[in-house]
Amino acid sequence: MDKIKGFAKKSSAIELCNLSFRFANESPPVLKNINLTLQYGEIMVLGGLSGEGKSTLVSMISGILPHMMGGIAEGQVHLDGQDVTNLKPGERSRYLGSVLQNAENQIIHQKVEDELAFGCENRNFSPEIIEEEIHEKAGLLHLNLSSQTRKLSGGEMQRVITAAILCMKQRILLFDEPFAHLDFDGMKTLLSLLNRLKNKGYAILIVEHRIEEIFDQVDRTAWLEQGNLEVFEEKKEILKHLPVFQTYRRTGQFLNPLIVFQNVTMELDRHEALNDVDLTLYHGERLMILGDNGSGKTTLLKVMGRLLKPTGGRVCVKGINEKEWFNQVGMIFQNPNYQLFMPTVYEEIALKGKGEKLIREIIEAFQLKELLDRHPQSLSEGQKRRLTIAAVMAMDPEIVLLDEPTVGQDGRGLEMIAEYLLKQNREKQITIVTATHDQRWAKSMADRILWIKDGSVHKVGNAALGDNFFRQTEKNRE
Amino acid sequence: METFHVKKPIYPLVSFLFSIIIFAFGLFLAKEIALIYLFLGLTLLYSAFGHLKTLLKLLPPFALIGLLVGSGVWLTSGDYLPAIQTFGRILLLAFSSTPMVGTPPINLLRVFAQWGFPKVLSLGVLITLRFIPLLIAEMKQIVHAMKTRGIRFGVKERRTLYRGFMIPLLIRIVGMSDTMAISVETRGFSVEEKKQSVYRRIRFSLRDFIYTILTILLMIGVLIYG
């Protein structure tokens, strides 16, 4: 630590002493006697299965729990050597910058520039420093300061929130799934920025599922399971918790067109989100849509799923009854919260489920048995996503459209989903279309790749094109 | 909301104050022909100060509501005069709110900070202004989500419609307000903390002074000649 120039702090950045948490008196503990120390000049990644308490731990460190959202906490939180256990999140923000999940709901202002300046103004920085900070961070994270926040894609919003926190210049940074919506380029950019900050003496704690992709860049690792934290002496020890994700590649031709796009154009808020798209989706194929943040992947999925009507061109559908469209075409949103509304997990799956046999099979396949009586909104983000996919699959659809299905999903959950979808694809020839930034999913689950750029089809090819896409974006960055 | 914003907004406190004054003044004239003169005068004033487009965007929905409510008044009272007056009052809302709606909320917040207004006021404005467009977007998303779960809008499916629309909407409202409050707090905004800088200061210009004088003169003119 002494080697870090201009940063002679001796105290730890984060120190958690015997930290425990439960939501109510009668409820089981979510965190049990957690002890953790993070030094300045270190990056630590925290992994764990969905719903095991990672976000709860982040909320405890930032003070959201118990100060804003209630609950019963024991133990102490120290930041920069100070006991902050009784401080509210606003007071802790002097030491700590927190980038939380669901960036879209954290954005307050209409312009990117104002969003980035907000935290700096609250920290009472002079206008000159604010100007310097927001220009620097916007440049590093490839943001246009005059953009309207409302029109940004999920990944761009994630970058805005990250930049807004970095502008506040706290030396302890906490990230809850910061790479979830980022494209490959965005992920590498952020990682290299975090490394630069680490070298300047920042302490960085990252909660992440895509551990393999960031493993080389972190110094220490920890794993949270059933409320117990294990901090590894050797960082590679975390790898034993990560399942090896299978590759399910195949060759073959698909001949029966299902959906045909002819010169499809989609204008959203005076911005051309899709531009002259020609595409045929075939029965039984697995199509992977790849592209940078804001390239039009979600819009394309929504047009395909008939949630948006194109402003130009034609979309022809073959072999699906229009009246039955939404019973035969299942779509999984980026944010699972919209699609869950029944009082229990079981009722959610059974709502449009085709028969008790299929419902039971799905409950088994998605390992939801233990959660059947829980309210869907009480689940973790990863569990919610698994449930939305289960509920849609219970409709026995012919086409499944998945928008970023891997967000918030641990390796095991991901494997579970992939296995079930592939089985349905093999046995029932369902058609699977995915938009994702996740290399693991993209490499394993595609028969055909559709690479889109600025709303237009850039390239179409077999699964090998996916490898090219990720290589190319990395090369461009370099 | 950005669609209503003008390139050169009026000083936020002036537009805020005159929105209230013009509304009160218009209500006072609601039964007079002078209200039409006020509308004409404001249209000219807004044209001169770059707010005409905002007014023209606001007028159609207010006119529609005015027509509906006015028709209701006509039907219940049997007299067309109260109906016209009601229509006028609703149009007045569009006219009086134009300068305020044309001002980006960030300008208002920065003026609040410059004048040392209580932060709780800024927080209220901040959350409310962000909440409305977010809520509209959320409602669209929920309708889309319902479709993807095979739920239709129909009389027969009232119960699932309630569960499919109202429950997610309520949950999202609670969730959004929680997330927003957390976002504001973790970014150092605290109602107890008085120190706060302003990135871009909003200044009262000669243009704002002229606008103020002309608005006052317009109201006096309408009172005298209307």
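The values are calculated or read from the model by the stated rules, or taken from the named source; none is laboratory data. Keep in mind that this is a model prediction, so the values were computed, not measured. As a convention, Cβ positions derive from the backbone with ideal geometry for all residues, glycine included, and neighbour counts pool all protein chains shown. With ligands, DNA and RNA removed, areas are computed over all heavy atoms of the protein, side chains included. Shrake-Rupley method; radii C 1.70, N 1.55, O 1.52, S 1.80 Å.
This table checks each residue for (1) charged (D, E, K, R); (2) crowded, with 19+ Cβ neighbours inside 10 Å; (3) under 24 Å from A:Asn462 (Cβ atoms).
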{"position": "A:Glu272", "(1), (2), (3)": "yes, no, no"}
{"position": "A:His283", "(1), (2), (3)": "no, no, yes"}
{"position": "A:Arg286", "(1), (2), (3)": "yes, yes, yes"}
{"position": "A:Gly291", "(1), (2), (3)": "no, yes, yes"}
{"position": "A:Gly313", "(1), (2), (3)": "no, no, no"}
{"position": "A:Lys318", "(1), (2), (3)": "yes, no, yes"}
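Among the residues of the range A:25-51, those that are at pLDDT below 90 and open to solvent by less than 40 Å² (accessible area, probe 1.4 Å) comprise A:Ser27, A:Leu49, A:Ser50. Kindly check whether there is at least one residue in the range B:198-205 that is open to solvent by less than 80 Å² (accessible area, probe 1.4 Å) and away from chain A (no Cβ under 14 Å). Scanning the range B:198-205, I find at least one residue that is open to solvent by less than 80 Å² (accessible area, probe 1.4 Å) and away from chain A (no Cβ under 14 Å), so the answer is yes.
Within the range B:24-48, how many residues are of a type in the set (A, V, I, L, M, F, W, C), open to solvent by 20 Å² or more (accessible area, probe 1.4 Å) and closer than 17 Å to B:Thr103 by Cα? Qualifying residue count for the region: 1. Those residues that are more than 27 Å from the chain's Cα centre (by Cα) and open to solvent by 100 Å² or more (accessible area, probe 1.4 Å), I need them from the range A:355-364; list them, please. Listed by number, the residues that qualify are A:Lys357, A:Arg360.
If only residues of the range B:105-148 that are facing chain A (nearest Cβ under 8 Å) and basic (Lys, Arg) are counted, the one that is least open to solvent (accessible area, probe 1.4 Å) is B:Arg130.
With respect to (1) modelled with pLDDT of 95 or more; (2) open to solvent by 20 Å² or more (accessible area, probe 1.4 Å), the lone exception for A:Met69 is condition (1).
All of B:Thr103, B:Thr148 fail the test of being in the same structural domain as B:Ile22 (by TED's automatic domain parsing) and either in contact (Cβ under 8 Å) with a residue 60 or more places away in the chain or closer than 28 Å to A:Leu268 by Cβ (or both), apart from B:Thr103. Considering only the range A:430-448, I want to know if a residue exists there that is farther than 23 Å from A:Asp183 by Cβ and not basic (Lys, Arg). Yes - at least one qualifying residue is present in the range A:430-448. Across the range B:66-88, the number of residues qualifying as among the polar types (S, T, N, Q) and open to solvent by 40 Å² or more (accessible area, probe 1.4 Å) comes to 3. Is one or more of the residues making up the range A:207-226 over 28 Å from A:Arg412 (Cα atoms) and either assigned by TED's automatic domain parsing to the domain that holds A:Val407 or open to solvent by 10 Å² or more (accessible area, probe 1.4 Å) (or both)? So far as the range A:207-226 goes, no, none of its residues is over 28 Å from A:Arg412 (Cα atoms) and either assigned by TED's automatic domain parsing to the domain that holds A:Val407 or open to solvent by 10 Å² or more (accessible area, probe 1.4 Å) (or both).
So, B:Lys156, is that one modelled with pLDDT under 85, facing another protein chain (nearest Cβ under 8 Å), over 25 Å from the mean Cα position of the chain (by Cα) and open to solvent by 60 Å² or more (accessible area, probe 1.4 Å) or not? Answer is no for this residue. The residues on offer are A:Leu197, A:Leu191, and the sole one that is free of Cβ contacts under 8 Å to residues at least 40 places away in the same chain and open to solvent by 10 Å² or more (accessible area, probe 1.4 Å) is A:Leu197. Of the residues making up the range B:182-189, none is at pLDDT below 85, facing chain A (nearest Cβ under 7 Å), surrounded by 14 or more Cβ atoms within 10 Å (Cβ to Cβ) and under 30 Å from the mean Cα position of the chain (by Cα).
Filtering the range A:78-119 to residues that are open to solvent by less than 10 Å² (accessible area, probe 1.4 Å), more than 7 Å from chain B (Cβ to nearest Cβ) and either farther than 23 Å from B:Gly124 by Cβ or in contact with a strand residue (DSSP E or B) (Cβ under 7 Å, 6 or more places away or on another chain) (or both) leaves A:Leu79, A:Val84, A:Arg92, A:Leu96, A:Gly97, A:Val99, A:Ala103, A:Val112. All told, A:Gln367 meets the bar of being in contact (Cβ under 8 Å) with a residue 24 or more places away in the chain and open to solvent by 70 Å² or more (accessible area, probe 1.4 Å). Once the range A:134-166 is narrowed to residues that are assigned to a helix (DSSP H, G or I) and within 10 Å of another protein chain (Cβ to nearest Cβ), the residue that is farthest from A:Leu96 (Cα to Cα) is A:Lys151. Scanning the range B:62-71 for residues that are of a type outside the set (Phe, Trp, Tyr) and in contact with a helix residue (DSSP H, G or I) (Cβ under 8 Å, 6 or more places away or on another chain) yields B:Ala63, B:Ile65, B:Gly66, B:Leu67, B:Val69, B:Gly70, B:Ser71.
Right, A:Leu224: under 20 Å from the mean Cα position of the chain (by Cα) and more than 30 Å from A:Gly455 (Cβ to Cβ) or not? Criteria met by A:Leu224. Taking the listed residues A:Arg286, A:Arg249, A:Arg270, the one that is at pLDDT below 95, of a type in the set (Lys, Arg) and not assigned by TED's automatic domain parsing to the domain that holds A:Asp438 is A:Arg249, with no other qualifying.
Selection over the range B:1-22 of residues that are in a helix (DSSP H, G or I), among the hydrophobic types (A, V, I, L, M, F, W, C) and open to solvent by less than 30 Å² (accessible area, probe 1.4 Å) gives a count of 3. All conditions but one from (1) within 30 Å of A:Gln170 (Cβ to Cβ); (2) open to solvent by less than 20 Å² (accessible area, probe 1.4 Å) apply to B:Pro168; the one that does not is (1).
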